[in-house]
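Shown next, in structure tokens, is the structure this report addresses.
Laboratory data are not the source of any read-out in this text; all were calculated from the coordinates shown. Given the structure is predicted, the values throughout are model-derived calculations rather than measurements. Here Cβ is always computed from backbone atoms with ideal geometry, including for glycine, and neighbour counts include all displayed protein chains.
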Amino acid sequence: MDAQGYANLQLPDFLWGSATAAYQCEGAWDEDGKGLGEWDYFNHTSAKNINNVDGDVSCDFYHRYEEDIRLLADGGQNTYRFSIAWSRILPNGVGEVNEEGVAFYNRVIDCCVEHGVVPNVTLFHYDLPYALACKGGWLNADVAKWFCDYAKICFERFGDRVKVWATINEPHFYSYCVNMLGNYPPNRSLDMQSFMQYQYHLMLASSLAVRAYREMGGDGIIGVVHDGGVVEVDPTAEHPEEVFRGADFMANRMILVPCLQGRLPEEMDEMLQKLDVLLYRVPGDEEIFAQGVGDYIGLNVYCREYATDWRGGETQVSANNKGGSSKKLEGKVIAPLYQTTCDPDVPRNKWGREILPRVMYSTIMDIVDRYDNPLIFITENGHGAYEDPDAEGVVHDEERIEVLGQFVEHMMRARAEGANVHGYYVWSTMDLYSWINGYQKRYGLVRIDFDNNLARVPKKSWYWYRDLINGYLNQS
Ligand code: BG6
């Protein structure tokens, strides 16, 4: 969708907001008819839940959504990105609708509308119904249809008020964590075959839902949210073009090409052969991809893929799950395509991720240049930290303000140069459950006191963001 297309929608010229995801904030894991989710099961039973925490209560958004949405609106934000828990709508993933689940999201959406906040709704943010996980989840050949049936129910029930939809959050990173890193359920490690098959099915499901949305006469916009990390090649690499091609295929193109161009990447077969992967596809899939082009791409911008030549080792991946107590950096070797490397001059957060705000600009411009300047929303951008409040309970998160401020400047620079960017969402609206680091790793604009009745206290960054939004709105 081009700039004129966006202007024709009845949406603010720029969406300024923040984001959450259902499992990470709702709590009420078994209330009002909700079915078991894969994360409920994993966190309750698996020894691989290394921090031994869960989302059973979390921020209790399920009961306190009014307070959270009011705070968001008071903070000048005109949009809220949240996700729907599939197992709240369909406790078994398919079949009978749980009306109480529908009623909850109706309340949330109505509350947004009452506060003049545009709801931006993600249909799937990592939380597969357990009943479907038992049938192989995203590896099952029927999964695209299951997802599409669920999506259609959401379009029907909420589409009168929801005009911005995302099908799936981060098909690439989700699949990477489930199948390569093995830190998301069902914890497969270094399973390249499943890593690629997952992405394929996730994008097929997304395209099927996009097509269904149009067939149903949906009058909003629908896209995919990608963990958009631009590939940058170490200047000392001997084969920079090859490295770029391999890394970009692995990190981006299995998602960007289907979403923005309605097909599979032309290099896919060649790459899969090198990776020794046999992808299962059926006749008719290509047509689904062709008919499921997204209206926009959502980018969750945190870091880049900093790549260099593959040096001959076996495929391996690592993540820092222990924050400040670990010396491990995030990294990978993808034999025989490339490996990531480390620039010692770039500062890192406690979890080993680079803090490099300029990647916002290069991530956006790479897509502008190579994918015909599509409509872009920055659907997540955040800074994870350990945080302690002062005596009044206020968090002085100057570091977050500094880092996010720079990210925003780089986004605005891209916009000034013609990028079709129309939205920015801070991750996260309030502190919430971090998939691997539990409640210690905080991203929120609002502090949640998990030890004191889940009290909500805006952080310094909440005030900073409110003023920043006002400043930009007054300029336009
Ligand atoms: C994004 C996800 O990848 O990163 C969010 O969409 C997640 O759900 C966020 O919480 C931060 O990740 P983490 O692991 O640091 O909490």
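Here are the numbers for the structure shown:
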item: Filter pass, G223 being part of a loop (DSSP other than H, G, I, E, B), farther than 15 Å from A319 by Cβ and either among the small types (G, A, S) or free of Cβ contacts under 8 Å to residues at least 12 places away in the same chain (or both); result: no
item: Given (1) among the hydrophobic types (A, V, I, L, M, F, W, C); (2) more than 21 Å from F61 (Cβ to Cβ); (3) touching a residue at least 24 places away in the same chain (Cβ under 8 Å), index of the condition C154 fails; result: (2)
item: Sole exception among (1) closer than 27 Å to V53 by Cα; (2) surrounded by 23 or more Cβ atoms within 10 Å (Cβ to Cβ) for Y424, by number; result: (1)
item: Selection within the range 418-433 - in a loop (DSSP other than H, G, I, E, B), touching a strand residue (DSSP E or B) at 6+ places or on another chain (Cβ under 7 Å) and away from the ligand (no atom under 16 Å from the Cβ); result: A419, N420
item: Output for the range 1-29, where each listed residue is exposed (fewer than 14 other Cβ atoms within 10 Å of the Cβ) and either within 16 Å of the ligand (Cβ to nearest atom) or without any contact (Cβ under 8 Å) to a residue 60 or more places away in the chain (or both); result: Q4, A7, N8
item: Test for N453: is it more than 16 Å from the ligand (Cβ to nearest atom) and closer than 29 Å to I364 by Cβ; result: no
item: G393, sole failed condition from (1) out of contact with any strand residue (DSSP E or B) (no Cβ under 6 Å at 6 or more places or on another chain); (2) at positive phi; result: (1)
item: Condition broken by S194, with the remaining ones in (1) surrounded by fewer than 22 Cβ atoms within 10 Å (Cβ to Cβ); (2) touching a residue at least 40 places away in the same chain (Cβ under 8 Å); (3) within 19 Å of W86 (Cα to Cα); (4) among the small types (G, A, S) satisfied; result: (3)
item: Residue that is nearest to the ligand (Cβ to nearest atom) [pool: residues in the range 384-405 that are over 12 Å from K459 (Cβ atoms) and under 23 Å from the mean Cα position of the chain (by Cα)]; result: G384
item: Residue ranges of helices (runs of 4 or more DSSP H) in the range 1-92 with at least 3 members among the aliphatic types (A, V, I, L, M); result: 61-74
item: Lone qualifier among Y130, Y41, Y126 - being surrounded by fewer than 21 Cβ atoms within 10 Å (Cβ to Cβ) and within 25 Å of M196 (Cα to Cα); result: Y41
item: Matching option when the condition is in contact with a helix residue (DSSP H, G or I) (Cβ under 6 Å, 6 or more places away or on another chain) and either buried (at least 18 other Cβ atoms within 10 Å of the Cβ) or closer than 20 Å to F377 by Cβ (or both), among S461, S434; result: S461
